[in-house]
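Rule-based calculations on the coordinates, nothing more; no lab input. The structure displayed is predicted, hence computed values, not measured ones. FYI the Cβ positions are ideal-geometry reconstructions off the backbone, even for glycines, and counts take in every protein chain you see.
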Number of protein chains: 2
Amino acid sequence: MKKITACSDCPLRQRDAFRPFSEGELAYVSRLKSGEMQVSARTRVVEEGVNSPHVFTVLSGWGLREKSLADGRRQILNFVLPGDLIGLQAAMLDAMDHSVEALTDMTLCVFARADIAQVFHDQPGLGHTVVWHAARNERLLDATLVSVGRCTARERLARAILIICDKAHRIGLAGADGSLSVPITQQHLADALGLSLVHTNRTLKAMVGEGLIRWRAGRMQLGDETRLRDIAEMEPAAPSALPLI
Amino acid sequence: MKKITACSDCPLRQRDAFRPFSEGELAYVSRLKSGEMQVSARTRVVEEGVNSPHVFTVLSGWGLREKSLADGRRQILNFVLPGDLIGLQAAMLDAMDHSVEALTDMTLCVFARADIAQVFHDQPGLGHTVVWHAARNERLLDATLVSVGRCTARERLARAILIICDKAHRIGLAGADGSLSVPITQQHLADALGLSLVHTNRTLKAMVGEGLIRWRAGRMQLGDETRLRDIAEMEPAAPSALPLI
DNA sequence: CGAGTCCTTGACCATAATCAAGATATGTGG
DNA sequence: CCACATATCTTGATTATGGTCAAGGACTCG
């Protein structure tokens with residue numbers, strides 16, 4: 001039988017990337033957490049249009065948020081990493097209007113959607129944290145929309161790669177040499193950037209050739225970060241403790 | 001001297017599109033509201049990169065949220081209508097990373113950013129409402145990202161027009177005949193959809209020619225709504241009371 | 001009636017999509 | 001350990017959607 005991670009032992013909380021909880025908050029969240037869910041790579045965590053009774057938090061693994069059109073065209077909205085919230089839209093509005101898919105095996109903390117409204121009354125600080133997450137996600141979407149709407153293929157790649165690396169670094173996923181194990185294929189990149197696979201491949205290859213980045217067998221590493229940030233027009237993110245749920 | 005609208009007389013609250021406030025909430029917001037601001041069309045309400053001490057609520061008028069690149073390319077993220085919140089990102093994170101510009105003359109309710117954190121403790125119900133707004137906005141951005149990333153020009157136009165009309169209708173801005181006064185130029189549409197002005201014009205013109213929509217002198221009207229929704233792959237939005245701040 | 005915005009149209013061009021096929025892993029069962 | 005199957009990545013050739021450049025027309029407003 002699988003052991004469930006207690007919130008008090010939460011491996012995320014122990015990384016200094018996340019802000020500490022008060023005793024009260026910790027106890028509250030422990031009670032709120034209704035279970036843990038394991039999903040394996042390539043499976044759907046939540047489905048577009050479904051009115052799931054759950055809200056999740058990512059404990060480990062990578063996922064992606066995505067919307068598809070009837071004929072199969074698909075747009076990846078963003079990538080989901082440990083510490084992220086899944087299903088807030090469904091909790092606030094009615095049903096989910098996007099899907100979430102696991103990129104690697106994932107472990108999720110499960111909460112009952114019905115309990116969420118109560119959180120705001122019981123633990124206002126946590127309510128604040130939820131808004132913080134929403135604001136952060138909105139900012140991310142803003143940046144992606146600029147990429148997809150107004151940037152060239154090369155700029156989009158630079159931006160996407162920096163966004164992914166920054167996010168992963170912030171939660172401490174990088175190796176000692178700054179390299180990063182990223183379970184993202186070129187098809188994923190294409191779908192996230194509104195490009196075709198072929199064009200993504202050619203552009204990426206060119207950038208690897210110029211030494212801007214390294215990309216081998218799912219391991220990604222920034223080559224010339226300065227020049228990459230220049231192409232992307234993106235400043236390095238100021239480090240700060242992330243609020244966790 | 002200009003009269004300030006009291007929250008108890010808020011013209012928005014009187015429309016049945018918005019949910020009613022409790023006595024306590026009303027009193028609280030009245031105290032929280034630190035002023036009112038008039039901005040005229042074509043001026044910036046908030047500027048990218050600036051750390052404004054204010055958060056706003058739209059009382060009347062249209063605006064747009066936008067991000068620009070160094071060389072002038074710009075992407076409109078979404079349009080802002082009465083009842084919308086401006087500046088939440090700045091309140092939660094550090095500075096604004098997008099600008100807001102007035103499309104028409106606007107009246108804004110002004111709140112102190114420093115007070116926002118306290119709202120969650122004093123009026124959890126309002127905190128919940130803030131998250132609701134964030135979730136709704138995220139959903140909107142998701143849909144726009146799909147448009148810009150994966151849709152043809154014609155599909156993008158159909159989707160954008162439906163999104164705008166739906167949003168305006170929901171807050172009661174439509175005329176009796178279903179027509180709508182929209183202060184949006186084709187250049188705005190182009191910037192919102194990641195298209196050039198020329199191509200937007202041609203595509204729009206074709207769609208007007210087919211009777212899908214009407215577009216004359218800033219007044220927009222749906223022609224064949226069914227077919228338009230078919231092109232856009234968008235269901236009509238279920239009506240429901242919007243939480244107001 | 002002149003200045004400014006906004007809309008419209010034509011000609012040409014470029015970025016990126018599509019189609020097609022082959023090369024490299026990666027993994028699975030015999 | 002090999003044969004086969006499946007993902008993933010590469011590369012070339014061709015096409016198309018939409019961008020850019022240019023210029024003229026329509027409307028509004030002092």
**Report entry** Average beta-carbon neighbours from other chains, 10 Å sphere, peptide B:51-59
**Finding:** 0
Report task. For n ≥ 4 DSSP H runs only, could you compute -39500 (n - 2.57) per run for the protein assembly as shown, divide by its residues and tell me the 222 nm figure to the nearest 500? Result -> -12500 deg cm²/dmol
Query raised in the report: What's the center-to-center distance, using Cα atoms, between the stretch B:13-91 and the stretch A:127-141 in Å?
Result: 17
Query raised in the report: When a footprinting reagent is the concern and you count Cβ atoms within 10 Å, what order do A:54, A:199, A:98 take, fewest first?
Result: A:199, A:54, A:98
Query - Ranked list, fewest to most other Cβ atoms within 10 Å of each Cβ, for B:184, A:86, A:4 - result: A:4, B:184, A:86
Query - Inter-copy label distances at residue B:44 (7 Å, Cα→Cβ; nm, one decimal) - result: 4.4
**Report entry** Distances in nm from residue B:199 to the matching label points in the other copies, shortest first (labels 7 Å along Cα to Cβ)
**Finding:** 0.9
Query raised in the report: Along the charge dipole of the protein assembly as shown, which of B:173, B:148, A:179 sits closest to the positive end, that is, farthest toward it, with unit charges on the beta carbon of Lys, Arg, Asp and Glu (+1, +1, -1, -1)?
Result: B:148
Query raised in the report: Any idea what the relative contact order of chain B is, in percent, if you count C-alpha pairs under 8 Å spaced at least 6 apart?
Result: 22
Query raised in the report: In peptide B:192-198, how many Cβ atoms from other protein chains are near each Cβ within 10 Å, on average?
Result: 2
Query raised in the report: If you stretched the chain out fully between residue B:154 and residue B:219, how much longer would it get, using 0.36 nm times the residue separation minus the C-alpha to C-alpha distance?
Result: 21.4 nm
Report summary line: Its Cα gyration tensor gives the protein assembly as shown an equivalent ellipsoid whose semi-axes in whole Å, largest first, are 34, 30, 21
Query raised in the report: How large is Rg over Rh for chain A, taking Rg from the Cα atoms and Rh as the Kirkwood inverse mean of 1/r across Cα pairs?
Result: 0.97
Report summary line: Here the FRET efficiency for residue A:208 versus residue B:69, based on Cβ atoms and R0 = 25 Å and rounded to 0.05, is 0.55
Report summary line: Under Stokes-Einstein, the stretch B:54-105 at 37 °C and 0.692 mPa s, with its Kirkwood radius over C-alpha pairs, diffuses with a coefficient in µm²/s of 282
Query raised in the report: Can you put B:146, A:198 in order, fewest other beta carbons within 10 Å first?
Result: A:198, B:146
Query - Interatomic Cα distance distribution for the stretch A:11-113, bins of 10 angstrom, percent - result: 15, 45, 31, 8, 2, 0
Report task. From other protein chains only, count the Cβ atoms within 10 Å of every residue's Cβ in B:146-157, then give the mean. Result -> 5
Query raised in the report: Residues of the stretch A:18-43 with amide nitrogen under 15 Å from the 7 Å Cα-to-Cβ point of residue A:104?
Result: A:39-43
Query raised in the report: Hey, for residue B:139 with labels 7 Å out along Cα-Cβ, what do the inter-copy distances come to in nm, ordered shortest first?
Result: 2.5
Report summary line: dims of the stretch A:36-181, Cα set, principal axes, largest to smallest, nearest Å -> 46, 42, 29
Query raised in the report: So for the pair residue A:52, residue B:118, with labels modelled 7 Å out along Cα→Cβ, what separation do we get in nm?
Result: 3.8
Query raised in the report: Taking only the alpha-carbon positions of the stretch A:110-245 and ignoring solvent, what does the Debye formula give for the base-10 log of I(q)/I(0) at q = 0.20 Å⁻¹?
Result: -1.19
